[in-house]
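Participant: Pasting in a structure now, in structure tokens, and then I'll have a few things to ask.
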Amino acid sequence: MSSILLTPAAVEPVTLADAKAYLRVAHSDDDAVIAALIAGARSHVEAQTRRALITQTWRLIRDGWPPDGRIAVVPVPLRSVVAARIYDASGATHAIDTGAFVADKATVPAILAFAPWTLTEPGRAAAGIEIDVEAGYGAAPANVPETLRQALLLLVAHWYENRGLIAVGQTVAVLPMAIAALIAPYRVLSL
């Protein structure tokens, strides 16, 4: 069971102007560095929380239908099921009506529920099912919870000020506790 990013976010949750204002950087010499730090911070926060901050399309790949008729969906928040298909024994794909799935978007991780007896089993043993979903808070930075945006700004500031890999005397890179505290309520834990 894996998830593959199909369509990445079109924008970052924090603009370059917002980050520069937060960092109190008035020049444009470091714009490329700051933009890269924003992308890295978004990627880090998304990985730590298992959330898509800005709307993205993901492909969920499964070997077979779970007997209980429930598929956990990560990343969250789930917005919609875009497409679904199964592979037959010859490798041909067959579309599945997305209406066969009921999305429980309130749970974390989100759940796609379906009646297991209504869906055909895939014809190949591995990666026989593909479900494309749209996840994220929305298409604009303003849709992302302010707490997560603040965590991004703190992480960008931390990385901007500490450009080395590890501080002298440390054996492990340590992030400020404030960042962990800000993202903690949004973490999706795996069991």
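Participant: Would you kindly derive the ³J(HN,Hα) couplings of the stretch 20-28 from the backbone phi angles with the Karplus curve 6.51 cos²θ - 1.76 cosθ + 1.60 (θ = phi - 60°), listing them in order in whole Hz, with x for Gly and Pro?
Facilitator: Rounded to whole hertz, the list is 5, 5, 5, 7, 6, 9, 9, 9, 9.
Participant: May I pose another question? Just to check I understand the Karplus step: with θ = phi - 60° and J = 6.51 cos²θ - 1.76 cosθ + 1.60, what whole-Hz values come out for the stretch 87-99, glycine and proline as x?
Facilitator: With the stated coefficients, the stretch 87-99 comes to 9, 8, 4, 8, x, 6, 9, 10, 5, 10, 4, 5, x Hz.
Participant: Could you order 76, 33 so the one with the most accessible surface comes first? Probe is 1.4 Å.
Facilitator: So the residues, ranked largest to smallest area, are 33, 76.
Participant: Leaving out ligands, DNA and RNA, what percent of the accessible area of the chain is carbon and sulfur, probe 1.4 Å?
Facilitator: Here it works out to 58 percent.
Participant: Which FRET efficiency value, to the nearest 0.05, do you get for residue 32 and residue 140 by plugging their Cβ-Cβ distance into 1/(1 + (r/R0)^6) with R0 = 30 Å?
Facilitator: Working from the Cβ atoms, E equals 0.80.
Participant: Next question. How far, in nm, would the chain grow between residue 189 and residue 126 when pulled straight, counting 0.36 nm per residue and subtracting the alpha carbon separation?
Facilitator: Between residue 189 and residue 126, full extension yields 20.1 nm more.
Participant: Let me ask something else about it. Could you give me the percent of Cα pairs per 5 Å distance bin for the chain, shortest bin first, beginning at zero and ending with the bin that holds the maximum distance?
Facilitator: 1, 7, 14, 17, 15, 12, 10, 8, 6, 5, 2, 1, 0
Participant: Note the full-extension length gain between residue 25 and residue 93 as 0.36 nm times their separation in residues minus their Cα-Cα distance, in nm to one decimal.
Facilitator: That works out to 19.3 nm of additional length.
The values are calculated or read from the model by the stated rules, or taken from the named source; none is laboratory data. If you're wondering where the values come from, they're calculated on a predicted model, not measured in any experiment. Cβ sites come from the backbone with ideal geometry, for glycine too, and all protein chains shown count toward neighbours. All accessible areas refer to the heavy atoms of the entire protein, side chains included, with ligands and DNA or RNA removed. Shrake-Rupley method; radii C 1.70, N 1.55, O 1.52, S 1.80 Å.
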